[in-house]
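Chemist: Take a look at this one; I'll ask things after.
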Amino acid sequence: MRVAAGIAAVAWGGFPAPFSRELKRSVEGGDVCIARAMLRRYAALKDPDTPVNGSCPFAAEDEALVRQFQRGHSQQETGVFDEAVAQGVVACCARDGYRDSGASAGSLGYLYKIHIVAQQNRSIQQTGRLLDKDNNLIMTFTARLHGIRSDGTEQPWPDYGDGDYGLSEFAGLGNSVTGLIEADLNSPEDDPKSFGPYGVNRAVRGLEGNARVLLPHLRDGILVHTGEWPGWTENHTMPNSHGCIHVWPAEVKRIEQELLKLGVVERKNPMTGKDYPYKPQGLLSIEEVDQPGLVMV
């Protein structure tokens, strides 16, 4: 997992992750890009989730958006993105509200779609679906979309967590990112212990939701993969990740096999989604809902 400079993995002082400093004129970084997206959502601006290239300067638009937020919350109107503003925008505007449209992968120019509905508590495993280009169900599988722990800490690998919700998907090493994402089948990673011996599905570029803001320049290296987890069985919960989607080993193997049957080409793994050298062949659609146990079909 790779993250851009300025995105905090742990809250600093009164700042909630991914923020760790005041944002104002002369400041730039990935955290400015994220603050801008959340503030634009608050202001209900058209197309708030604008893709970025990894760093944004704090500009006049951002100062105006901060002032608007401060006015709306009876705060001193300074135009500085401080702790109070950060806490407020994370509370109101970090979730993207993305919902899968139901459109087939083929209608959008792709060969397959992986669809997963996650809960806010990412410790809870969910059922994902692999669909062909015509929206026919190929298989279901068990998925866990939990990054590192909510407090930004990790226990020695593999860390099975403590039932927490997981760190913000905007933070470095946080939960798997929601939204619609271009995906592609890549050859296995070099570390089978951590990633399993099978082909992986790489999240390449965000098209909608939080993914459109974050992928691939603010977060990169998000994969659908498995691992060789000591002592783990299918009766156990899968461990935390660094933002990847963990899936049972046998099911990752089958996903790879089914995609090859559909005519998907397994590309040589470039180890990154930045400057991706191939045309992505699939879609990854990740929603987040409130209701415990709800799985959309």
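Chemist: Return yes or no: is G221 small (G, A, S) and surrounded by fewer than 24 Cβ atoms within 10 Å (Cβ to Cβ)?
Modeler: Yes: the conditions hold for G221.
Chemist: Let me ask something additional. Tally up the residues in region 138-153 that are part of a loop (DSSP other than H, G, I, E, B) and surrounded by 17 or more Cβ atoms within 10 Å (Cβ to Cβ), please.
Modeler: Final tally of qualifying residues: 7.
Chemist: Of the residues that sit in region 59-109 and are among the small types (G, A, S) and open to solvent by 70 Å² or more (accessible area, probe 1.4 Å), which one is farthest from P18 (Cα to Cα)?
Modeler: Top of the filtered list is S107.
Chemist: Pick from G231, G227, G243: which is among the small types (G, A, S), closer than 22 Å to Q125 by Cα and surrounded by fewer than 15 Cβ atoms within 10 Å (Cβ to Cβ)?
Modeler: Within the list G231, G227, G243, the selection yields G231.
Chemist: Taking into account only those residues within region 166-207 that are out of contact with any strand residue (DSSP E or B) (no Cβ under 9 Å at 6 or more places or on another chain) and not small (G, A, S), which is least open to solvent (accessible area, probe 1.4 Å)?
Modeler: It comes out as L167.
The values are calculated or read from the model by the stated rules, or taken from the named source; none is laboratory data. What you see is a predicted model, and the numbers here were worked out from it, not measured in a lab. When we count neighbours, we look across all protein chains shown, and the Cβ atoms used for this are built from the backbone with ideal geometry, even at glycine. Ligands, DNA and RNA are excluded from the accessible area calculation, which covers all protein heavy atoms including side chains. Shrake-Rupley method; radii C 1.70, N 1.55, O 1.52, S 1.80 Å.
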